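Student: My questions all concern the structure below.
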Amino acid sequence: MLRRRKEVVSEAIKVTKNLDAFPKLEDDYQETSSARGTITVIVLSVIIVLVTLNIREFFSDKVKYSYEVDFDYESKLKLNVDLTVAMSCNDIGADVMDKSSRDIISSEGINMEDTWFELSPRQQKQFDYISQLYETIRSDFHALHSSLWNSYSKIPSSLGPREVNPSRSPDACRVHGTYELSKIAGNFHIIIGKSVSFMGNHAHMVNLFGNTKANFSHRIDNFSFGENSNLVHNALNYDLKITKSEKTSYQYFVSVVSTEINSIKTYQYSVTEKHRDIDHRKNSHGTPGILFKYDISPLKVKVENDNMSILELAILLIGIIGGIFATSKMFNSLYQSIKDFLVSF
């Protein structure tokens, strides 16, 4: 009975071998080749490199930019300012005017408070750290780049409160708050004297009998448009300007662009800076102060994530692997044909 069972198993094994759809070659019929082995190593190396690069690209953040006309010209635009001027608040005025009117824009949301221009040790350390990050952005990323939306998104947004007040009297003025603007060109300025409106004209009244010494050294902690967002890094934030002259005029020419980042609406801007000393004898006319001239671009920039899906990655990898194998087989056949041709001679 046991012998019969063994015979049945043996017959089943023979039948299974005969059904093998991929019959194996005997070792005596296989021909090895160093050239083919080299091709195999090269093919596997190329596949590993390309697959690794594409998987790395899949996990990296990519963004796509598109541009269109901004038709939202009737809504209001917020101008957020937070800067410190090395002068007393009693001696300066801060106003915004646009081209639609010769009168000033309401400054109800703006506060002017006496403070100290010199930062506390902890604030100075924080300012140096943040300004260095912004300097890196300004020097390395002159154009739109995905790193602006990702790598620097966690930059601290403020210097924090002063841990100790100096024993001397305040020597500076902090101007901070928000203006509500129309979407037309205008300017934000800080000059000597408080602003007044008279018969449709705008002027700053200066105390002619006072002894006001001008010093428009200033530190910009925030100068932005729209809602504050860590997705946009403003070009003027944490900028510091120091002057020893009483007649220095600082001018900033700002171009504002509406920006939509993953459906979040905000604004970014580019800026050109210029400063000079007022000297009428040298035909350098003007008024000492700080002037921001802004203009609103009619275009809008849309920034969206552009990462591929898992399915797209799988199709890409299959195409790469299949294409490399097909190409290597073609080169192998060409090599074998050339070899056989040369051997026949």
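The values are calculated or read from the model by the stated rules, or taken from the named source; none is laboratory data. Computed from a prediction, not measured in an experiment: that's the story for all the values here. Because the Cβ atoms are built from the backbone with ideal geometry, glycine has one as well, and the counts that use them run over all protein chains shown. Each accessible area value is taken on the protein alone, full model and side chains, heavy atoms only, with ligands, DNA and RNA left out. Shrake-Rupley method; radii C 1.70, N 1.55, O 1.52, S 1.80 Å.
Student: What are the residues in region 252-272 that are within 17 Å of ILE184 (Cα to Cα) and not in a strand (DSSP E or B), if any?
Tutor: none
One line per residue, one yes/no per condition, for (1) open to solvent by 40 Å² or more (accessible area, probe 1.4 Å); (2) out of contact with any Gly (no Cβ under 8 Å at 6 or more places or on another chain):
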| position | (1), (2) |
| --- | --- |
| THR243 | no, yes |
| TYR250 | no, no |
| SER284 | no, yes |
| TYR294 | no, no |
| LYS300 | no, yes |
| LEU313 | no, yes |
| ILE324 | no, yes |
| SER337 | yes, yes |
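Student: Now a separate question. Would you point out which residue out of ASP82, ASP61 is surrounded by 10 or more Cβ atoms within 10 Å (Cβ to Cβ), modelled with pLDDT of 85 or more and among the acidic types (Asp, Glu)?
Tutor: Numbers: ASP61 fails: modelled with pLDDT of 85 or more.
Going through ASP82, ASP61 in turn, the sole match is ASP82.
Student: Then there is this: Kindly indicate whether PHE141 is surrounded by 15 or more Cβ atoms within 10 Å (Cβ to Cβ), over 14 Å from THR84 (Cβ atoms) and at pLDDT below 90.
Tutor: Yes; evaluated as a whole, the condition is true for this residue.
Student: Filter region 252-280 down to residues that are at pLDDT 85 or above, open to solvent by 40 Å² or more (accessible area, probe 1.4 Å) and not β-branched (Val, Ile, Thr), then give me how many there are.
Tutor: 9
Student: Can you tell me how many residues in region 302-311 are among the polar types (S, T, N, Q), surrounded by 14 or more Cβ atoms within 10 Å (Cβ to Cβ) and not in a loop (DSSP other than H, G, I, E, B)?
Tutor: Pass one, region 302-311, residues among the polar types (S, T, N, Q): 305, 307, 309.
Checking which are surrounded by 14 or more Cβ atoms within 10 Å (Cβ to Cβ) leaves us with 307.
Next, from what is left, pick out any that are not in a loop (DSSP other than H, G, I, E, B): none.
So the count comes out to 0.
Student: Oh, and also: Quick one: what pairs do we get from region 264-293, first residue closer than 30 Å to LEU231 by Cβ, second of a type in the set (Gly, Ala, Ser) and not in a strand (DSSP E or B), C-beta under 6 Å, 6+ apart or different chains?
Tutor: THR266/GLY226; THR266/SER229; TYR267/GLY226; VAL271/ALA235
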